[in-house]
1. Which ones in region 1-48 are within 20 Å of residue 128 (Cβ to Cβ) and assigned to a loop (DSSP other than H, G, I, E, B)?
2. List the number of the failed condition for residue 60; all other conditions in (1) modelled with pLDDT under 95; (2) crowded, with 16+ Cβ neighbours inside 10 Å hold.
3. If I filter region 49-82 down to residues being in a loop (DSSP other than H, G, I, E, B) and touching a residue at least 24 places away in the same chain (Cβ under 8 Å), which single residue comes out as farthest from the chain's Cα centre (by Cα)?
4. Keeping to region 33-48, report how many residues are farther than 15 Å from residue 78 by Cα and within 10 Å of the chain's Cα centre (by Cα).
5. Identify the residue in region 1-29 that is more than 24 Å from residue 122 (Cα to Cα) and hydrophobic (A, V, I, L, M, F, W, C) and, among all such residues, is surrounded by the fewest Cβ atoms within 10 Å (Cβ to Cβ).
6. Every residue in region 65-81 that is over 15 Å from residue 116 (Cα atoms) and either among the aliphatic types (A, V, I, L, M) or at pLDDT below 95 (or both), please.
7. Given the conditions (1) out of contact with any strand residue (DSSP E or B) (no Cβ under 6 Å at 6 or more places or on another chain); (2) over 16 Å from residue 21 (Cα atoms); (3) surrounded by 12 or more Cβ atoms within 10 Å (Cβ to Cβ), which single one is not true for residue 77?
8. So, of the residues in region 83-113 that are closer than 24 Å to residue 48 by Cβ and free of Cβ contacts under 8 Å to residues at least 60 places away in the same chain, which turns out to be surrounded by the most Cβ atoms within 10 Å (Cβ to Cβ)?
Amino acid sequence: MTDNEYCYAVDTLVRICLDEAFSFLSNPECLGKWSLGCFNTSLDENRGVCVGYSLFSGKSTEVRIVPDTDNFRILFLLEHEGNWIPRITIELKNGGQFGYETGSTIITMSAWRTAWMEDRDWNRLKKCHDVEIILIKEQLERTG
């Protein structure tokens with residue numbers, strides 16, 4: 001067993017309030033601005049699915065975004081063989097509660113590895129999340 005074999009998490013602190021950060025991260029149109037695996041998303045309203053394109057393969061990716069407003073958590077479900085799997089989770093915490101600047105937010109993005117995921121793909125996903133958390137921070141703080 002190696003570190004981060006089944007779950008990988010990245011985090012950041014942003015100078016944006018919790019509600020604004022949650023609104024941005026749960027917005028299907030914003031997903032396509034920071035997700036390297038689901039770029040240029042559009043919403044298929046009939047199916048409630050975001051469709052974007054991988055910057056690596058160019059293939060389309062379908063994602064269901066499930067916001068949990070009570071807990072400031074967002075599930076990103078990806079389809080596999082007819083099942084929607086909660087592969088990515090973003091959780092937000094009020095930074096002020098932890099002694100950080102009032103109006104700041106701690107963002108944690110976690111990814112779970114599936115049994116069918118090749119090592120190469122898992123390692124690429126981890127590197128992508130390292131970059132995506134930076135993109136999220138920069139975009140939130142630039143617009144906020």
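1. Those that are within 20 Å of residue 128 (Cβ to Cβ) and assigned to a loop (DSSP other than H, G, I, E, B): 2, 3, 4, 5, 6, 26, 27, 35, 36, 37, 38.
2. Only one criterion is unmet by residue 60, namely (2).
3. Just the residues of region 49-82 that are in a loop (DSSP other than H, G, I, E, B), to begin with: 54-59, 69-72, 81-82.
From what's left, touching a residue at least 24 places away in the same chain (Cβ under 8 Å): 56, 69, 72.
Details: 56: 17, 69: 15, 72: 13 Å.
Going through the qualifying residues, I end up with 56.
4. Qualifying residue count, region 33-48: 1.
5. 13
6. 65, 66, 74, 75, 77
7. In the conditions (1) out of contact with any strand residue (DSSP E or B) (no Cβ under 6 Å at 6 or more places or on another chain); (2) over 16 Å from residue 21 (Cα atoms); (3) surrounded by 12 or more Cβ atoms within 10 Å (Cβ to Cβ), residue 77 misses (1) alone.
8. The selected residue is 88.
The values are calculated or read from the model by the stated rules, or taken from the named source; none is laboratory data. All of these numbers come straight from a predicted model, not from anything done at the bench. Every residue, glycine among them, receives a Cβ derived from its backbone with ideal geometry; neighbour counts consider all protein chains shown.
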